[in-house]
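Asker: Below is one structure. I have some questions about it.
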Amino acid sequence: MSDPWWWTYVMIIVAGWIATDIWRWIGVFAGGKLREDSELLIWVRAVATALVAGVIAKLILFPTGALEVTPVWLRVVAALGGFAVFFASRQKVVVGVVSGEVILITGWLLLEAV
Amino acid sequence: MPDHQEISPPEDHDAPVSGRIWMARGARAAISIPALILTAAFVGYAGLARGSGLSLPETLMMTGLVWALPSIVVLTGAISSGVGLVPAAIAVALASVRLMPMTMALIPMVKVEGKTKRWQLLYISHFVAVTAWVYGMRNLPDLPREGRLPFFAGFGTALTSFVFCMTGVAYLMVERMPPVLSGALFLLTPIYFVCSLWSASKLSADKAAMIIGLILGPFFYLYAPGLDLLWTGLVGGTIAYLITRYMRRGLL
């Protein structure tokens, strides 16, 4: 990497802090002028949701670090299983997250034992 | 009941519950189940950050300054894959747009006309992220108007400080963990997101966008690396919007 050490901090300040807080500031100044159910905002929210969903899928399918050694099917099964339990438990986030983790850890330990 | 004797003194009383006390109450209220879930999610993020090659100060700075987990995860992904400043900023900005309507909904609730200062609103706006916002929207209406802003400021400050510290602790501990444990921490973030994103999406457009985004994300990653997040958001979000709009009101 040819980037100097401080480049990451510039990224965090400009592409992280300002790119995020600008919306909160606009929210403060616009306070109540834009309707929350306007067509433009519905579209904007859909774009934002799809973008974050894309990040999630990448984290599951192409992880870095310790998860790299696990087979992709195990990660997908853990995520889908967690989501299914979340759904079945009347949408309790904790229950879903814990179930997904249990599936991953159990599967991982079983694979290592084989 | 106009002649009902209130327990609290009338308004000309010199020392009503002061702002500082409301702040302390807000800080105490931050000890809650949603806060624990959020802390767990950030502990998971600390694992992700370390795995992505971020240093401890970088991780903490991102946590404190950005304070919105989706944006933080998007930015981490962008930094670790060497994306440029402008596409990274656009991707993060797109991931954070939802903070604007959330802030807009909160402000009228905490504002006292003629008394609340702009900097106070700007300060509390930084805490607008799913956890604090949901808590605020649900509980602030029960408080007297003057108490709401300091209460929310206390809540947000306490929550952010605690999560900030725990993220640092988790970052330092990840290395000494067995791989199964740190791997499980990595997976915490995506599973938490899948669930909380679904429960936070009220409109069918949001749910459709989430499903389409999950499919398009890997596709664009393989075929348009670098700008894949932007494409996923724009294409996936627009498709979801058009489909649900068509279902809502026909072609026009």
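Asker: When you check B:THR116 against the structure, is it out of contact with any Phe, Trp or Tyr (no Cβ under 6 Å at 6 or more places or on another chain), β-branched (Val, Ile, Thr), surrounded by fewer than 22 Cβ atoms within 10 Å (Cβ to Cβ) and not in a helix (DSSP H, G or I), yes or no?
Answerer: Yes.
Asker: Give the residues of the range B:15-58 that are of a type in the set (S, T, N, Q) and assigned to a helix (DSSP H, G or I), sorted by residue number.
Answerer: Hit for the range B:15-58 is B:THR39, nothing else.
Asker: Taking the condition of being open to solvent by 10 Å² or more (accessible area, probe 1.4 Å) and either at the interface with chain A (Cβ under 9 Å from one of its Cβ atoms) or at pLDDT below 85 (or both), how many residues in the range B:33-47 meet it?
Answerer: 5
Asker: So the check is Cβ under 8 Å with 6+ separation or different chains; which pairs have a first residue in the range B:109-131 that's among the charged types (D, E, K, R) and a second one that's open to solvent by less than 30 Å² (accessible area, probe 1.4 Å)?
Answerer: These pairs meet every condition: B:LYS111/B:LEU121; B:LYS111/B:LEU149; B:ARG118/A:VAL28.
Asker: Now for a separate question. Check B:SER80 against each of (1) touching a Ser or Thr at 6+ places or on another chain (Cβ under 7 Å); (2) over 19 Å from B:LYS202 (Cα atoms); (3) modelled with pLDDT under 85 and name the one condition it does not meet.
Answerer: Condition not satisfied by B:SER80: (3).
Asker: Those residues that are under 18 Å from A:LEU80 (Cα atoms) and either within 7 Å of chain A (Cβ to nearest Cβ) or open to solvent by 60 Å² or more (accessible area, probe 1.4 Å) (or both), I need them from the range B:208-235; list them, please.
Answerer: Listed by number, the residues that qualify are B:ALA209, B:MET210, B:ILE211, B:ILE212, B:GLY213, B:LEU214, B:ILE215, B:LEU216, B:GLY217, B:PRO218.
Asker: Moving on. All but one of (1) surrounded by 21 or more Cβ atoms within 10 Å (Cβ to Cβ); (2) in contact with a helix residue (DSSP H, G or I) (Cβ under 6 Å, 6 or more places away or on another chain) hold for B:ALA129; which doesn't?
Answerer: All conditions are met except number (2).
To keep it simple, each residue is scored yes or no on (1) at pLDDT 95 or above; (2) over 17 Å from the mean Cα position of the chain (by Cα); (3) crowded, with 18+ Cβ neighbours inside 10 Å.
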position: A:ILE42; (1), (2), (3): no, yes, yes
position: A:ARG45; (1), (2), (3): no, no, yes
position: A:ALA48; (1), (2), (3): no, no, yes
position: A:ALA57; (1), (2), (3): no, no, yes
position: A:LEU74; (1), (2), (3): yes, yes, yes
position: A:GLY81; (1), (2), (3): yes, no, yes
position: A:GLY96; (1), (2), (3): no, no, yes
position: A:VAL102; (1), (2), (3): yes, yes, no
position: A:ALA113; (1), (2), (3): no, yes, no
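Asker: Going by the conditions given, is B:VAL86 in a helix (DSSP H, G or I) and either over 16 Å from the mean Cα position of the chain (by Cα) or facing chain A (nearest Cβ under 9 Å) (or both)? Steps first, please.
Answerer: Values: in a helix (DSSP H, G or I): yes; either over 16 Å from the mean Cα position of the chain (by Cα) or facing chain A (nearest Cβ under 9 Å) (or both): yes.
Yes; evaluated as a whole, the condition is true for this residue.
Asker: Quick check: is even one residue across the range B:16-29 basic (Lys, Arg) and within 12 Å of chain A (Cβ to nearest Cβ)?
Answerer: no
Asker: For the range B:203-211, check the following and say yes or no: at least one residue is in contact with a helix residue (DSSP H, G or I) (Cβ under 6 Å, 6 or more places away or on another chain), farther than 16 Å from B:VAL73 by Cβ and among the hydroxyl-bearing types (Ser, Thr, Tyr).
Answerer: yes
Asker: Okay, next question. For the range B:160-179, which positions are at the interface with chain A (Cβ under 10 Å from one of its Cβ atoms) and either closer than 17 Å to B:LEU54 by Cβ or surrounded by 15 or more Cβ atoms within 10 Å (Cβ to Cβ) (or both)?
Answerer: B:VAL174, B:MET177, B:PRO179
Asker: Let me ask something else about it. Return a yes/no flag: does the range B:193-207 have any residue that is open to solvent by less than 30 Å² (accessible area, probe 1.4 Å), part of a helix (DSSP H, G or I), within 30 Å of A:GLY81 (Cβ to Cβ) and among the hydroxyl-bearing types (Ser, Thr, Tyr).
Answerer: So far as the range B:193-207 goes, yes, one or more of its residues are open to solvent by less than 30 Å² (accessible area, probe 1.4 Å), part of a helix (DSSP H, G or I), within 30 Å of A:GLY81 (Cβ to Cβ) and among the hydroxyl-bearing types (Ser, Thr, Tyr).
Asker: If B:LEU56 passes every condition in (1) crowded, with 23+ Cβ neighbours inside 10 Å; (2) under 24 Å from B:MET166 (Cα atoms); (3) out of contact with any Ser or Thr (no Cβ under 8 Å at 6 or more places or on another chain) but one, which one does it miss?
Answerer: So the condition that B:LEU56 fails would be (1).
Asker: Which one of B:THR157, B:THR76, B:THR116 is over 22 Å from B:THR232 (Cα atoms) and within 12 Å of chain A (Cβ to nearest Cβ)?
Answerer: Of B:THR157, B:THR76, B:THR116, the one residue that is over 22 Å from B:THR232 (Cα atoms) and within 12 Å of chain A (Cβ to nearest Cβ) is B:THR116.
The values are calculated or read from the model by the stated rules, or taken from the named source; none is laboratory data. What you see is a predicted model, and the numbers here were worked out from it, not measured in a lab. Methodologically, a virtual Cβ is constructed for each residue, glycine included, from the backbone with ideal geometry; neighbour enumeration extends over all protein chains shown. The accessibility values were calculated without ligands, DNA or RNA, using every heavy atom of the protein model including side chains. Shrake-Rupley method; radii C 1.70, N 1.55, O 1.52, S 1.80 Å.
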